[in-house]
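Notes follow once the structure below has been shown.
Every read-out reported here was derived from the displayed coordinates using simple, explicitly stated rules and does not represent laboratory data. Only a predicted model underlies this, so the values are computations on that prediction, with no experimental measurement involved. Ideal geometry is used to build each Cβ from the backbone, glycine not excepted, and the neighbour counts take in all protein chains shown.
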Amino acid sequence: MSTQLLRLNNTLEHDPAIDAWMRDHQGELGTIAHEWFELMRHCGDEVREILHDGCPVACLGDVPFAYVNAFTAHVNVGFFQGAALADPAHMLQGTGKSMRHVKLKPGTPTDAASLRTLIETAYADIKNRVENG
């Protein structure tokens with residue numbers, strides 16, 4: 001059974017609205033969000049981005065695979081098809097049908113290698129879904 005993929009109109013190679021979002025989210029939380037979104041931006045040549053529902057979203061073309069969002073005390077690094085991702089480090093949180101996130105807090109150690117792998121896996125997963133149905 002295939003899952004209908006969310007598609008977002010007007011994705012850009014580099015969205016100036018995301019630059020503005022980053023400027024508006026400075027400090028520790030902004031630094032965390034910026035670091036992980038930069039990694040998403042560099043997953044592949046087909047990565048596009050958009051500010052969607054108030055947060056930076058990385059897409060393969062028009063299909064979102066990951067996002068960042070800053071809250072009062074933490075940053076979420078989220079995955080649109082996160083429920084289907086392998087998560088050997090057990091970092092993913094959430095109980096939705098498909099979305100999952102990793103919660104990052106300033107001053108709390110992050111398993112950067114595992115999070116990097118999740119982002120790369122999310123990109124590879126969405127690329128496979130788009131290219132192979």
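Brief remarks on what is shown
- Residues of segment 31-48 satisfying the condition of being small (Gly, Ala, Ser) and surrounded by fewer than 17 Cβ atoms within 10 Å (Cβ to Cβ): 44
- Residue in segment 60-70 that is of a type outside the set (Lys, Arg), more than 22 Å from residue 9 (Cβ to Cβ) and in contact with a Phe, Trp or Tyr (Cβ under 8 Å, 6 or more places away or on another chain) present: no
- Subset tally (residues that are of a type outside the set (A, V, I, L, M) and within 16 Å of residue 80 (Cβ to Cβ)) for segment 1-40: 8
- Single residue of segment 68-112 satisfying the filter (among the basic types (Lys, Arg) and assigned to a strand (DSSP E or B)) that is surrounded by the most Cβ atoms within 10 Å (Cβ to Cβ): 100
- Any hit, segment 13-23, residues being on the phi > 0 side of the Ramachandran plot and loosely packed, with under 12 Cβ neighbours inside 10 Å: no
- Members of segment 20-47 found to be outside any helix (DSSP H, G or I) and either among the small types (Gly, Ala, Ser) or under 17 Å from residue 63 (Cβ atoms) (or both), listed by number: 43, 44, 45, 46, 47
- Condition check for residue 120 on (1) surrounded by fewer than 17 Cβ atoms within 10 Å (Cβ to Cβ); (2) charged (D, E, K, R); (3) without any contact (Cβ under 8 Å) to a residue 40 or more places away in the chain: one failure, at (3).
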